[in-house]
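These notes concern the structure reproduced below.
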Amino acid sequence: MIPLTRRLLAACTLGAALTACGAQGPARQGPAGSASPSATRPPVLTPGPGGLTPVFEHGPRTLGRTVAFTFDADMTADQGPRAASGEHFDNPGLIAALRELKVPATVFMTGRWADQYPAEARDLGHDPQFEVANHSWSHYAFTADCYGLPTVDSGGMRADVQRAYNSLRAAGVPHAMPYFRFPGGCYDQRALRALSGLGVTAVQWDVVSGDAFATDADAVTRQVLDGVKPGSVVIMHCTRSAAPTTERVVRTVVPELRKRGYRFVKVSQLIGETAGHR
Ligand SMILES: [Zn+2]
């Protein structure tokens with residue numbers, strides 16, 4: 001690393017490709033032109049005792065009216081045949097609405113979803129309005145007894161998270177965030193321990209939209225509007241077949257929250273503010 005850095009500095013001093021040197025700046029002199037961790041690494045929470053995976057639920061309540069919308073792109077390992085027979089686990093209309101309304105958002109994507117919809121995954125991964133995070137590969141539960149989901153055994157938890165990152169990368173998501181959402185939001189100490197050392201922050205929420213399997217958009221809308229407080233994290237879904245009202249809900253809720261003085265941010269911003277507050 002040092003020789004390369006010296007070479008880059010020497011090239012800059014000689015005036016060769018000054019523009020490139022200036023554009024690179026001191027933070028981009030790593031081995032493969034990669035940014036230095038301190039300059040670009042997304043904020044995470046400090047691990048607990050023994051490296052235990054930290055859990056984030058919402059941002060500070062006292063730093064103004066910000067709210068983070070999160071969308072889980074669910075698809076379970078065994079749902080391939082359903083997708084093949086025409087069921088839609090994606091929701092392009094919802095993503096278009098978020099773009100139209102200019103709402104930044106965090107998408108927790110399962111690896112299985114990225115395998116199924118690589119073009120959409122890549123598109124989200126390249127759009128600075130969104131950040132893409134990890135929602136496991138299989139969408140199997142990390143605890144026993146979690147909404148009837150099949151379970152990953154504790155020996156397979158880590159591998160499932162890593163496999164999801166591999167799928168995201170293969171789909172063309174260049175910088176998946178070090179944030180992990182447990183399938184069904186179900187976790188315990190054993191699950192947090194199993195993911196220790198991966199460097200991920202587990203991301204829960206404080207506002208349940210109730211969009212999963214909902215048919216009444218007004219009820220979901222009310223639940224979001226009643227629940228949001230400064231620093232809130234709202235959970236919704238980016239899966240047409242299982243959450244058909246979400247686009248309508250977003251189109252109603254966003255202008256109303258803006259009227260109430262709320263600003264939309266990504267989860268990384270709330271985590272950064274929380275980490276900075278400790
Ligand atoms: Zn999910």
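Listing for the model above:
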quantity	calculated
Label zone at residue 144, where the point sits 7 Å out along the Cα-to-Cβ direction: the range 172-209 residues whose backbone N lies under 17 Å	186-192
Kirkwood hydrodynamic radius (C-alpha pairs) into Stokes-Einstein, the chain, 37 °C and 0.692 mPa s, D in µm²/s	165
Whether the range 190-278 is rounded, prolate or oblate, judged on the alpha carbon gyration tensor where a/c under 1.5 counts as rounded	oblate
Order of 264, 108 - criterion: other Cβ atoms within 10 Å of each residue's Cβ, fewest first	264, 108
Built amide H within the under 5 Å cut-off of residue 108, gap 5+	71, 72, 73, 133
Relative contact order (%) - the chain, alpha-carbon pairs under 8 angstrom, separation at least six	28
Whole-Hz couplings from phi, Karplus 6.51/-1.76/1.60, listed for the range 178-188; x for Gly and Pro	x, 10, 10, 10, 5, x, x, x, 8, 8, 9
Positive dipole terminus of the chain, leading residue within 80, 59, 228 (C-beta point charges)	59
Dipole magnitude of the chain about its Cα centre (Cβ charges: Lys, Arg +1; Asp, Glu -1), debye to nearest 20	1140
Cα-based helix-to-principal-axis angle, 246-259 vs the chain, degrees rounded to 10	70
Distance between modelled label sites at residue 213 and residue 63, nm, 7 Å Cα→Cβ extension	3.6
Acute angle (nearest 10 degrees) that the helix 217-227 long axis makes with the longest principal axis of the chain, alpha-carbon atoms	60
MRE, 222 nm, helices only [DSSP H, n ≥ 4, -39500 (n - 2.57), over the chain, to nearest 500]	-11000 deg cm²/dmol
Length gained when the stretch residue 159-residue 196 is fully extended (0.36 nm per residue, less Cα-Cα span)	12.1 nm
Cβ-based exposure ranking for 138, 209, 154, 85, in which fewest neighbours within 10 Å come first	85, 154, 138, 209
Antiparallel %, DSSP beta bridges [both residues in the chain], to 5	0
Neighbourhood charge, 11 Å Cβ-Cβ cut-off, centred on residue 97 and excluding it, Lys, Arg +1 and Asp, Glu -1	+2
Relative contact order of the range 59-155, defined on C-alpha pairs under 8 angstrom at six or more residues apart (%)	29
Degrees between helix 157-171 axis and first principal axis of the chain (Cα, 0 to 90, nearest 10)	70
Footprinting exposure proxy for 45, 52 (fewest neighbouring C-beta atoms within 10 Å first)	52, 45
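Here, each number is a calculation from the coordinates, and none is a lab measurement. Note that the structure is predicted; figures quoted are calculated from it, not measured. Glycine gets a Cβ as well: all are built from the backbone with ideal geometry, and neighbour counts include every protein chain shown.
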